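Asker: Dropping a structure here in structure tokens format, bear with me for questions.
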Amino acid sequence: MNRKHRVPLAAAAGIAAAALAVAACSSSSSPSSTPPSSSGSALQASAPGITPTSILVGSHQPLTGPAAPGYSEIAPAANAYFQYVNAHGGVFGRKITYRYLDDGYNPTNTVSVVRQLVLQNNVYAIFNGLGTPTHLNVVNFLNSSKVPDVFVASGCDCWNDPSKYPETFGYQLDYIREGKILGSYVKQHFKGKKIGYFYQNDEFGQDGVKGLDYEVPASQVVAREAYNVLATNPAQEVGGLVAKMKAAGVQVVVSFSIPAFTALLRLTGLTLSYSPTLVVSDVGSDPITLSGLLNTFAKKSGSFGSSLIQGIITDGYLPSLGDASNSWITLFKTVHDTYIPKLPFDGNVLYGESVGYAFVQAMLKAGRNPTRQDLVNALNAGNFPQGASVAPYAYASGSHDGITGAYIAVIKNGVLVQQGDVLVTDVTATGAVTPYMTAQSAAPATGVPSP
Amino acid sequence: MTLLRHLAAAIVVAGLLMLLSIKVDAFRDYQLAQVAYYAIAAAGLTVLIGLSGQVSIGHGAFMFIGAYTAALMLLHLHWALAAVLAASAVVAAVAGGIVGVAAARLRGPYLAGATLLLAVALPSITSRWQGVFGGDQGLGVTVNTPGFLGSTFPPTRWLAWLGFACALITFVLLANVRHSRIGRSWRALRDDEVAAALSGLNVARLQVLAFVVSSACAGLGGAMLALVNSSATPGTFTLTLSIQLLTAAILGGLGSLAGAVWGSLVLVYLAPYITNVATSQGLSSSVGANIPIVVYGAVLILVMLLFPGGIQGGLRRLFGSAAPAAAVPFSFFRREAPATDNQKEGTS
């Protein structure tokens, strides 16, 4: 029986590779904190995580792993804004301590780190937990433990379910509304043209397509191509889909894709000498991220990437980074330059600071000595002040969606240039897409919202 | 006699674990519950690989089946929790039996590949039948702490106790199977299928049985996982989970039940521990976040180099108890392509 010794190496190599894969996916975490300092008078420890001098909030964030590029800037940016607030008197005198742990975008790790934050660190709330598949794994736990779960960093409409998830609130424009807003623009500006959808085959892409279908006439849509985000060969996957759209004569491609796939879509078009008009969802169109990816994928440098994204149509629910005179951009640039100068001032940092601002607003509304329920009540009460977002929030007892609208924008010279008015809508099939004419108020001079 | 000895040991361990769970805080209880469900599933896997010599790198699929069975039953039927857990194990065992019949025809890397496919493909049925499985959102699972413990009893401690109970029952049963005729037959066919068949063992039936036992454990582990996570979502049952189970079994020492516990302890405690050390040393978040990954890799390599028999094998070597198991665990690598003749004999 000497034939026994042949298989071992292959099998052993397989196991070793598997072990390495586990190692690469294993959990890790990274807290960030500012030491509490004493100030304030009649303040009490009114809830877990709240002391007379500090507020402890927690989050799960992809600091390592596939979603880390770009997204790992969000929590440091929110924390930078908290440090700014702490340096300017805090929230009713309390300083915010933001403890965000790495889940590597792996849902199993999300479960562990969120348990640690809630059960061991006793955080007051989970704030801005990032990702749809990751956060879906903890939303039941947070709601059954009655821990406020505010401003989830995902545009899934699933967070808007007040009867099932009373503690959970979205933040950014959800993908259904975004689909409707992009769809209404496409319907108006590309009459009679052949439209193709290119989208991620999960809740993100499907919600987007749902919104698009509410607006774009079905007769115009000649191709619906879904990509698998976990495809082993993404370039090949995208290549096949783009070839199909070219063959179908698609003139306008509407894309609900993450940045890497937007870049592949654009590059494949270049290879096939096929250049349809591109309409791309907000999450997949940050100009700085996109041009960087295009340069990396094509092994080019300089203006190659930025020239390829010129003219892409997208939408924005926060002020444009290119608008240097905007008071919000000025404020957030100051905070960025003071606390996190090493990070690029891009869409992710803008997002992190904006959602940090919204949290401070919510804490101020929750009152001087808030319980956990007070934070939820403050959002359920509605009339939540608009802050850095260009459109109002939907927060009310019957709606836990966040931002309700956006403006259409075109990428010009690496920044978003607003086209026309801010548009708002709802998540229903019949709700109209209407202009929102109220001008956005300027950022407060102090940089901190007033109670 | 063996049964009595195992039972007595289990009762002592149960008492110690209950004391431990009362001493620690809620998060530690949660971690103990995590160790319990990993250990249950890893024990089943270690029996499959280490005793019967069949490799599965897709055991997460059976955990998936157990988790969704438990979630669906808790949602739609009002059975006692014990019945739900038992049913989850049974449903996973049936699935394991079906896979086992196919698996009995495959060997080594081919079998591993087939189980891998299962782990990758199965969770996608949740988006195919969203109405039943809840799509990407999955199903919520609510467990109420029984009334006799009082309203202030921490829910995570109850979950830890449930996990201990399931784990101890599993371990007692597996330990007995291991020492029984079946366990000896498994070892015989692991070491040499042809010789086992010649000695009159029904190779195919024994292999299917090993799959059934092992997937029943994975199903029970999966059900516990759903209870502990308070949800069953497809995102939990990634390939990573299957590979973590395999890692736990190999790190602990293939074929050793105690090894399954060691492996599970490493899975649950290593990363948070290293992170705490890293951050208390004042490392920046970008460095600190990556250190646990490095340490984990280093631990895997070191254990494999120093203790090829896993942690349990290493302990045995250091403290010189019974036969060193160092060589045994890897015997499955030595297996050859299917011996078709005796295979046919076995199934007929």
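Asker: Are there any pairs, at least 6 apart or on different chains, whose C-beta atoms fall under 8 Å, with the first in the stretch A:201-221 and within 10 Å of A:GLY183 (Cα to Cα) and the second surrounded by fewer than 20 Cβ atoms within 10 Å (Cβ to Cβ) and of a type in the set (Gly, Ala, Ser), and if so, which?
Answerer: A:TYR214/A:ALA429
Asker: Which residues, counting only those in the stretch A:175-198, are touching a Phe, Trp or Tyr at 6+ places or on another chain (Cβ under 6 Å) and surrounded by fewer than 21 Cβ atoms within 10 Å (Cβ to Cβ)?
Answerer: Within the stretch A:175-198, no residue meets the criteria.
Asker: Under the condition of being of a type in the set (Asp, Glu) and part of a helix (DSSP H, G or I), which residue from the stretch A:151-178 is modelled with the lowest pLDDT?
Answerer: The residue in question is A:ASP157.
Asker: Looking at A:ASN137, A:ASN201, which one is crowded, with 24+ Cβ neighbours inside 10 Å and within 23 Å of A:THR108 (Cα to Cα)?
Answerer: Answer to the selection: A:ASN137.
Asker: Quick one: would you say B:ALA298 is buried (at least 22 other Cβ atoms within 10 Å of the Cβ), part of a helix (DSSP H, G or I) and small (Gly, Ala, Ser)? Lay out the reasoning, then the answer.
Answerer: On the way: buried (at least 22 other Cβ atoms within 10 Å of the Cβ): no; part of a helix (DSSP H, G or I): yes; small (Gly, Ala, Ser): yes.
Answer is no for this residue.
Conditions tested, residue by residue: (1) hydrophobic (A, V, I, L, M, F, W, C); (2) within 14 Å of chain A (Cβ to nearest Cβ).
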{"residue": "B:GLY183", "(1), (2)": "no, no"}
{"residue": "B:VAL213", "(1), (2)": "yes, no"}
{"residue": "B:LEU225", "(1), (2)": "yes, yes"}
{"residue": "B:THR233", "(1), (2)": "no, yes"}
{"residue": "B:THR236", "(1), (2)": "no, yes"}
{"residue": "B:LEU246", "(1), (2)": "yes, yes"}
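Asker: Still on this structure: Look through the stretch A:144-174, keep the residues that are of a type in the set (Phe, Trp, Tyr) and closer than 19 Å to A:VAL360 by Cβ, and return whichever of them is surrounded by the most Cβ atoms within 10 Å (Cβ to Cβ).
Answerer: To start, the set of residues in the stretch A:144-174 that are of a type in the set (Phe, Trp, Tyr) comprises A:151, A:159, A:165, A:169, A:171.
Imposing the further condition that a residue be closer than 19 Å to A:VAL360 by Cβ reduces the set to A:151, A:169, A:171.
Details: A:PHE151: 26, A:PHE169: 28, A:TYR171: 26.
Top of the filtered list is A:PHE169.
Asker: Turning to a different aspect of this structure: Filter the stretch B:223-279 for residues that are under 17 Å from B:PHE27 (Cα atoms) and among the hydroxyl-bearing types (Ser, Thr, Tyr) and give the result.
Answerer: Passing the criteria: B:SER230, B:SER264, B:TYR269, B:TYR273, B:THR275.
Asker: So is B:ARG157 on the phi < 0 side of the Ramachandran plot, more than 14 Å from chain A (Cβ to nearest Cβ) and of a type in the set (Lys, Arg) or not?
Answerer: no
Asker: Of the conditions (1) of a type outside the set (A, V, I, L, M, F, W, C); (2) within 19 Å of A:VAL111 (Cβ to Cβ); (3) modelled with pLDDT under 85; (4) surrounded by 24 or more Cβ atoms within 10 Å (Cβ to Cβ), B:SER264 fails just one. Which one is it?
Answerer: (3)
Asker: Moving on. Please go through the stretch B:248-262 and give me each residue that is β-branched (Val, Ile, Thr) and either within 14 Å of chain A (Cβ to nearest Cβ) or closer than 23 Å to A:GLY65 by Cβ (or both), ordered by number.
Answerer: Matches in the stretch B:248-262: B:ILE250 only.
Asker: What single numbered condition from (1) within 21 Å of the chain's Cα centre (by Cα); (2) at pLDDT 90 or above fails to hold for B:HIS179?
Answerer: Failing condition for B:HIS179: (2).
Let's see how each residue does on (1) in a helix (DSSP H, G or I); (2) at pLDDT 95 or above; (3) surrounded by 17 or more Cβ atoms within 10 Å (Cβ to Cβ):
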{"site": "A:ASP323", "(1), (2), (3)": "no, no, no"}
{"site": "A:PHE332", "(1), (2), (3)": "yes, yes, yes"}
{"site": "A:HIS336", "(1), (2), (3)": "yes, yes, yes"}
{"site": "A:PRO344", "(1), (2), (3)": "no, no, no"}
{"site": "A:GLU353", "(1), (2), (3)": "yes, yes, yes"}
{"site": "A:GLY356", "(1), (2), (3)": "yes, yes, yes"}
{"site": "A:ASN383", "(1), (2), (3)": "no, no, no"}
{"site": "A:SER389", "(1), (2), (3)": "no, no, yes"}
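Asker: For the stretch B:1-93, list the helices (runs of 4 or more DSSP H) that sit wholly inside it and hold at least 3 residues that are farther than 28 Å from B:LEU254 by Cβ and at pLDDT 90 or above; which are they?
Answerer: B:60-76
Asker: Would you mention how many residues in the stretch B:100-109 are more than 10 Å from chain A (Cβ to nearest Cβ), part of a helix (DSSP H, G or I) and surrounded by fewer than 22 Cβ atoms within 10 Å (Cβ to Cβ)?
Answerer: Total satisfying the criteria: 2.
Asker: So for the stretch A:205-212 (the condition being within 14 Å of another protein chain (Cβ to nearest Cβ) and not in a helix (DSSP H, G or I)), does at least one residue qualify?
Answerer: no
Asker: Of the residues B:LEU201, B:LEU173, which single one is away from chain A (no Cβ under 13 Å), surrounded by fewer than 23 Cβ atoms within 10 Å (Cβ to Cβ) and outside any helix (DSSP H, G or I)?
Answerer: B:LEU201
Asker: If a residue has to be within 25 Å of B:GLY138 (Cβ to Cβ), within 14 Å of the chain's Cα centre (by Cα) and not in a helix (DSSP H, G or I) to count, how many in the stretch B:204-263 make the cut?
Answerer: Selection size over the stretch B:204-263: 1.
Asker: Now, a different point. So in the stretch B:113-133, with the set limited to residues that are of a type outside the set (Val, Ile, Thr) and in contact with a Ser or Thr (Cβ under 7 Å, 6 or more places away or on another chain), which one is surrounded by the most Cβ atoms within 10 Å (Cβ to Cβ)?
Answerer: B:ALA119
Asker: How many of the residues in the stretch A:257-280 are hydrophobic (A, V, I, L, M, F, W, C) and within 18 Å of A:PHE190 (Cα to Cα)?
Answerer: Residues meeting the conditions: 3.
Asker: Something else now. Here are the criteria: (1) buried (at least 24 other Cβ atoms within 10 Å of the Cβ); (2) in contact (Cβ under 8 Å) with a residue 60 or more places away in the chain. Tell me which single one A:ASN122 does not satisfy.
Answerer: Unmet for A:ASN122, out of (1) buried (at least 24 other Cβ atoms within 10 Å of the Cβ); (2) in contact (Cβ under 8 Å) with a residue 60 or more places away in the chain: (1).
Asker: Further question: Inside the stretch B:68-92, can you point out the residues that are more than 13 Å from B:VAL143 (Cβ to Cβ), surrounded by 24 or more Cβ atoms within 10 Å (Cβ to Cβ) and of a type in the set (Gly, Ala, Ser)?
Answerer: Across the stretch B:68-92, the qualifying residues are B:SER88, B:ALA89, B:ALA92.
Asker: Out of the stretch B:113-162, which residues are in a loop (DSSP other than H, G, I, E, B) and either farther than 24 Å from B:LEU245 by Cα or touching a Lys or Arg at 6+ places or on another chain (Cβ under 7 Å) (or both)?
Answerer: Within the stretch B:113-162, B:TRP129, B:GLY134, B:THR142, B:VAL143, B:ASN144, B:THR145, B:PRO146, B:GLY150, B:SER151, B:THR152, B:PHE153, B:PRO154 qualify.
Asker: Of these, B:LEU225, B:LEU220, B:LEU198, which one is at pLDDT 90 or above and touching a strand residue (DSSP E or B) at 6+ places or on another chain (Cβ under 9 Å)?
Answerer: Being at pLDDT 90 or above and touching a strand residue (DSSP E or B) at 6+ places or on another chain (Cβ under 9 Å) holds for just one of B:LEU225, B:LEU220, B:LEU198, which is B:LEU225.
Asker: So for the stretch A:98-105 (the condition being within 8 Å of another protein chain (Cβ to nearest Cβ), closer than 21 Å to A:GLU203 by Cα and either modelled with pLDDT under 95 or surrounded by 22 or more Cβ atoms within 10 Å (Cβ to Cβ) (or both)), does at least one residue qualify?
Answerer: no
The values are calculated or read from the model by the stated rules, or taken from the named source; none is laboratory data. What you see is a predicted model, and the numbers here were worked out from it, not measured in a lab. We place every Cβ from the backbone using ideal geometry, glycine too, and count neighbours over all the protein chains shown.
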